[in-house]
Amino acid sequence: MLPPDAFDRDGFLRRLDDWTPDVARQIASAEGLALTEGHWEIIELLRNYYREFDSSPAMRPLVKYCALKLGSDKGRSIYLMSLFPGSPAKLGSKIAGLPKPDNCL
Amino acid sequence: MAASEAKRVLLVIRHSPYGSSLARASIDLALAAAAFDQDVSLLFLGDGVLQLCPDQQADAVGSRNLGRLLASLPLYDITQVYVDADAVTRYRLDLAAAPVTAQALDRQAISQLMGSHDHLVGF
Amino acid sequence: MILHTLNASPSSAAFADCLRLISPGDALLLLGDGVYAALPGTPARLALDDSAVQLYVLHDDAAAAGILGRIDSAHLIDIQGFVELTERFSRQMAWY
């Protein structure tokens, strides 16, 4: 378990290097989410996105990237909303240990 | 707003990627506008073409990598990306290796491009 | 037609980029360090004259630079004149 001061006031990791799968579970549980295989697939995808583009995605690019990498079934807003309710790009990035997306409401 | 009424915005990007924060600000603005369904085009002009250098290693100066950020433009549906052909020649840039696909325009075509947009935002 | 505003000296990349993209019928307002491009007889001014752009210089910035006496008053405008220019031109491009 990471101490509270490892996170900013919005719950995003301050140091991206602190991230581990256990940290992801910790963040998710603080958000009331239990991570399933579906979640982990998107978390991995988000971390790949960050490595590729040096940024956290807004919703639109996240959906397109999912479609590109995981197929059109999963490249849909509704699928991502079902896993990460509310704002999937923001919540998913938070759990995946990415910086807060710039272009998210 | 209906698509036919949408104002077309051209971002004219004239600064090198790491010499100031302007380059980063211009791309952030482009992504934010696209995330909100605005019709945005990008023109890399003059020194702005230096943002299209391949193999940028921004971590060497502790910056975020602008080249890799540019590679995400198509995911934001920003596909109207133009570049100043004269500056590309002057810096002997290889557009084929650029992080994002950009169409090279000569001086006259750039003037036409500017005339075909409702708003010009210089960076 | 475009109203260009230039807020950088004649040695800047901004000036070079701007000069290259001025088209017939465009206007150019010089402000800040841009006012030096209006100095008669300088390469920058000669290039602007060749471009046939409608040339304007912000009065107070030219005064501050100490070059007011060298600029033909026909080119000088105040802030009100700037506002009127923005009303005449639907597009504006800022070079700095």
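Please treat every number below as a calculation from the coordinates, not as lab data. Bear in mind the structure is a predicted one, so any value in this text is a computation, not a measurement. FYI the Cβ positions are ideal-geometry reconstructions off the backbone, even for glycines, and counts take in every protein chain you see.
Would you point out the residue of the stretch B:53-67, among those that are hydrophobic (A, V, I, L, M, F, W, C) and in a helix (DSSP H, G or I), that is nearest to B:Ala96 (Cα to Cα)?
So the first thing to find is which residues in the stretch B:53-67 are hydrophobic (A, V, I, L, M, F, W, C), and the list is B:53, B:58, B:60-61, B:66.
The next check asks that each one be in a helix (DSSP H, G or I); those that pass are B:58, B:60-61, B:66.
Values: B:Ala58: 21, B:Ala60: 24, B:Val61: 26, B:Leu66: 17 Å.
Here the answer is B:Leu66.
Could you identify the single residue in B:Ala98, B:Ala85, B:Ala102 that is touching a helix residue (DSSP H, G or I) at 6+ places or on another chain (Cβ under 6 Å), more than 14 Å from chain A (Cβ to nearest Cβ), surrounded by 13 or more Cβ atoms within 10 Å (Cβ to Cβ) and under 26 Å from C:Ala16 (Cα atoms)?
Values: B:Ala85 fails: touching a helix residue (DSSP H, G or I) at 6+ places or on another chain (Cβ under 6 Å); B:Ala102 fails: touching a helix residue (DSSP H, G or I) at 6+ places or on another chain (Cβ under 6 Å).
None of the other options fit; the residue is B:Ala98.
Which residue pairs have Cβ atoms under 8 Å apart, sit 6 or more places apart or on different chains, and have a first residue in the stretch B:84-98 that is touching a residue at least 24 places away in the same chain (Cβ under 8 Å) and a second that is assigned to a helix (DSSP H, G or I) and surrounded by fewer than 17 Cβ atoms within 10 Å (Cβ to Cβ)?
Note: pairs meeting the criteria are B:Val88/B:Leu95.
Which condition from (1) surrounded by fewer than 21 Cβ atoms within 10 Å (Cβ to Cβ); (2) within 14 Å of another protein chain (Cβ to nearest Cβ); (3) of a type in the set (Gly, Ala, Ser) is the one that C:Gly69 breaks?
Every listed condition holds for C:Gly69 apart from (2).
Quick grid of which residues meet (1) closer than 19 Å to B:Gly48 by Cα; (2) within 11 Å of chain B (Cβ to nearest Cβ); (3) free of Cβ contacts under 8 Å to residues at least 12 places away in the same chain:
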| residue | (1), (2), (3) |
| --- | --- |
| C:Ala8 | yes, yes, no |
| C:Ser11 | yes, no, yes |
| C:Phe15 | yes, yes, no |
| C:Cys18 | yes, yes, no |
| C:Ser23 | no, yes, no |
| C:Leu28 | no, no, no |
| C:Leu39 | no, no, no |
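Looking at the stretch B:112-123, which of its residues are part of a helix (DSSP H, G or I) and either touching a strand residue (DSSP E or B) at 6+ places or on another chain (Cβ under 8 Å) or buried (at least 18 other Cβ atoms within 10 Å of the Cβ) (or both)?
First pass over the stretch B:112-123, keeping only residues part of a helix (DSSP H, G or I): B:112-115.
Within the stretch B:112-123, B:Leu113, B:Met114, B:Gly115 qualify.
Hey, can you tell me all the residues within the stretch C:39-62 that are surrounded by 14 or more Cβ atoms within 10 Å (Cβ to Cβ) and touching a strand residue (DSSP E or B) at 6+ places or on another chain (Cβ under 9 Å)?
Correct list: C:Arg45, C:Leu48, C:Ser51, C:Val53, C:Gln54, C:Leu55, C:Tyr56, C:Val57, C:Leu58, C:His59, C:Asp61, C:Ala62.
Can you find even one residue in the stretch C:72-84 that is surrounded by 13 or more Cβ atoms within 10 Å (Cβ to Cβ), under 21 Å from B:Ser111 (Cα atoms) and of a type outside the set (S, T, N, Q)? So that I can check it myself, show each step before the final result.
From the stretch C:72-84, those surrounded by 13 or more Cβ atoms within 10 Å (Cβ to Cβ) are C:75-77, C:81-82; that's our starting set.
Filter again for under 21 Å from B:Ser111 (Cα atoms), leaving none.
No, there is no match, as no residue in the stretch C:72-84 is surrounded by 13 or more Cβ atoms within 10 Å (Cβ to Cβ), under 21 Å from B:Ser111 (Cα atoms) and of a type outside the set (S, T, N, Q).
Which residues, counting only those in the stretch C:15-33, are farther than 25 Å from B:Leu105 by Cβ and surrounded by 18 or more Cβ atoms within 10 Å (Cβ to Cβ)?
So the first thing to find is which residues in the stretch C:15-33 are farther than 25 Å from B:Leu105 by Cβ, and the list is C:29-33.
Listed by number, the residues that qualify are C:Leu29, C:Leu30, C:Leu31, C:Asp33.
Regarding C:Tyr36, is this residue buried (at least 17 other Cβ atoms within 10 Å of the Cβ), out of contact with any Cys (no Cβ under 6 Å at 6 or more places or on another chain), assigned to a strand (DSSP E or B) and among the hydroxyl-bearing types (Ser, Thr, Tyr)? If you could, list the steps in order and put the result at the bottom.
Details: buried (at least 17 other Cβ atoms within 10 Å of the Cβ): yes; out of contact with any Cys (no Cβ under 6 Å at 6 or more places or on another chain): yes; assigned to a strand (DSSP E or B): no; among the hydroxyl-bearing types (Ser, Thr, Tyr): yes.
The answer is no for C:Tyr36.
What number of residues within the stretch A:39-78 satisfy the criterion of being part of a helix (DSSP H, G or I), within 13 Å of B:Tyr76 (Cβ to Cβ) and not aromatic (Phe, Trp, Tyr)?
First, the residues of the stretch A:39-78 that are part of a helix (DSSP H, G or I): A:39-53, A:59-70, A:77-78.
Add one more test, that the residue is within 13 Å of B:Tyr76 (Cβ to Cβ), and what stays is A:49, A:53, A:59-65.
Now drop any that are not not aromatic (Phe, Trp, Tyr), which leaves A:59-64.
So the answer is 6.
If you go through the stretch B:22-52, how many residues are buried (at least 21 other Cβ atoms within 10 Å of the Cβ), more than 9 Å from every other protein chain (Cβ to nearest Cβ) and not in a helix (DSSP H, G or I)?
4
Name the residues in the stretch B:69-82 that are within 14 Å of chain A (Cβ to nearest Cβ) and either among the hydrophobic types (A, V, I, L, M, F, W, C) or within 13 Å of B:Leu31 (Cβ to Cβ) (or both), would you? Write out each step before concluding.
Just the residues of the stretch B:69-82 that are within 14 Å of chain A (Cβ to nearest Cβ), to begin with: B:69-79.
B:Leu69, B:Leu70, B:Ala71, B:Ser72, B:Leu73, B:Pro74, B:Leu75, B:Tyr76, B:Asp77, B:Ile78, listed by residue number.
Would you please name the residue that is surrounded by the most Cβ atoms within 10 Å (Cβ to Cβ), looking only at residues in the stretch A:1-25 that are under 13 Å from the mean Cα position of the chain (by Cα) and assigned to a helix (DSSP H, G or I)?
A:Ala24
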